[in-house]
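Notes follow once the structure below has been shown.
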Amino acid sequence: MRAFFLLLGLSLVGAAQAQFRLPSLDINKMVDTVKNVGKAVKDIDEPEEISIGRDVASRLLGAAPLVPDAGLQRYVNHVGRWLAAQSERPDLPWQFGVLDSPNVNAFAVPGGTIFITKGLLDKMRSEAELAGVLGHEIVHVLRKHHLKAIQKGAQSALAGDAMSAALRDRAGPARDKLIAFGTEMYSRGLDKGDELEADRLGVVIAARGGYDAYGLPSVLQTLQAMSAQDSALALMFKTHPAPAERLDALAEKMQPVLDAYAGQAQLADRFVRQIKR
């Protein structure tokens, strides 16, 4: 069907060119540009995904540095890497970092780097809750949600050849545009469907890791109880569905899983020792 409309559109352009005598309109070049954009999007392999993610992560760290606590960073990495090992992409260079920010948020970049803010950690009460949030972010990487969003936006921001240049030349201006777009995306957020999918599958990853499946719903309940006017929540509420909607979606789609794995480890004492020390 898409091919039909493309051919129809080209035939109409050809008719217009004949009617209005537009010799400068190169149909073959237009078709090649479309092909180049599609090829550039499809050809982002795993090393390029990781490279894009590292560049985006560097920009994000410029806005909020890591908490200068090696023990805390080591603990969150231990939990995160254990969860990532339960996934279908265990060999990515997974890294987990706690940002020194009072805002309540967590986000992933392509290739396996995941950040959680100290503000969100301070709202948690157990390792199972941490696992639920990290599982959600791990799913964003597994499903390439952010990478696909960057690709989609780059199609309109960069021509096909420029997109190829952005992937090939990591020091060029096209690369800067690609990474700038990728960084800005974190202030806009993903599609709602991506966030709800990450909730559903994040619960599964946490359960595979041996954690109480209600860890993520517990965090969502905490967020729901907070004031919507709290400035620490502004970006979270802007870029994610409302906690109530996410809880309803989990109850509708995942209730059997939640109940089946509700008795698994919460590890509240270990979490408090590591986070609240």
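The values are calculated or read from the model by the stated rules, or taken from the named source; none is laboratory data. Predicted model, so just to flag it, every value in this text is computed and none were measured. Please note: Cβ atoms are built from the backbone with ideal geometry, for glycine as well, and neighbour counts cover all protein chains shown. The accessibility values were calculated without ligands, DNA or RNA, using every heavy atom of the protein model including side chains. Shrake-Rupley method; radii C 1.70, N 1.55, O 1.52, S 1.80 Å.
Couple of notes before you dig in:
- Near pairs, Cβ below 6 angstrom, 6+ apart or cross-chain, from region 225-239 (touching a residue at least 24 places away in the same chain (Cβ under 8 Å)) to any residue that is open to solvent by less than 70 Å² (accessible area, probe 1.4 Å) and of a type in the set (Val, Ile, Thr): 232/104; 233/104; 236/104
- Residue check, residue 100 farther than 23 Å from residue 221 by Cα, modelled with pLDDT of 95 or more and out of contact with any Gly (no Cβ under 8 Å at 6 or more places or on another chain): yes
- Annotation note: Cβ proximity below 6 Å between a residue of region 50-61 that is free of Cβ contacts under 8 Å to residues at least 60 places away in the same chain and a residue that is of a type outside the set (Asp, Glu) and open to solvent by less than 60 Å² (accessible area, probe 1.4 Å) (sequence gap 6+ or interchain) occurs for 57/109; 57/113.
- Qualifying positions in region 250-277 - surrounded by fewer than 18 Cβ atoms within 10 Å (Cβ to Cβ) and hydrophobic (A, V, I, L, M, F, W, C): 251, 257, 260, 262, 265, 268, 272
- Note on region 184-208: among residues that are more than 28 Å from residue 259 (Cα to Cα) and over 11 Å from the mean Cα position of the chain (by Cα), the one that is least open to solvent (accessible area, probe 1.4 Å) is 187.
- Inside region 50-85, residues that are surrounded by 12 or more Cβ atoms within 10 Å (Cβ to Cβ), touching a helix residue (DSSP H, G or I) at 6+ places or on another chain (Cβ under 8 Å) and modelled with pLDDT of 95 or more make up a count of 9.
Here's the yes/no breakdown for (1) assigned to a helix (DSSP H, G or I); (2) modelled with pLDDT under 95; (3) among the basic types (Lys, Arg):
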position: 108; (1), (2), (3): no, no, no
position: 124; (1), (2), (3): no, no, no
position: 131; (1), (2), (3): yes, no, no
position: 134; (1), (2), (3): yes, no, no
position: 140; (1), (2), (3): yes, no, no
position: 150; (1), (2), (3): yes, yes, no
position: 178; (1), (2), (3): yes, yes, no
position: 181; (1), (2), (3): yes, yes, no
position: 186; (1), (2), (3): yes, yes, no
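- Residue 103 over 18 Å from residue 235 (Cβ atoms) and more than 17 Å from the chain's Cα centre (by Cα): no
- Of the residues making up region 188-234, those that are farther than 27 Å from residue 152 by Cα and part of a loop (DSSP other than H, G, I, E, B) are 209, 210, 212, 213, 214, 226, 227, 228, 229, 230.
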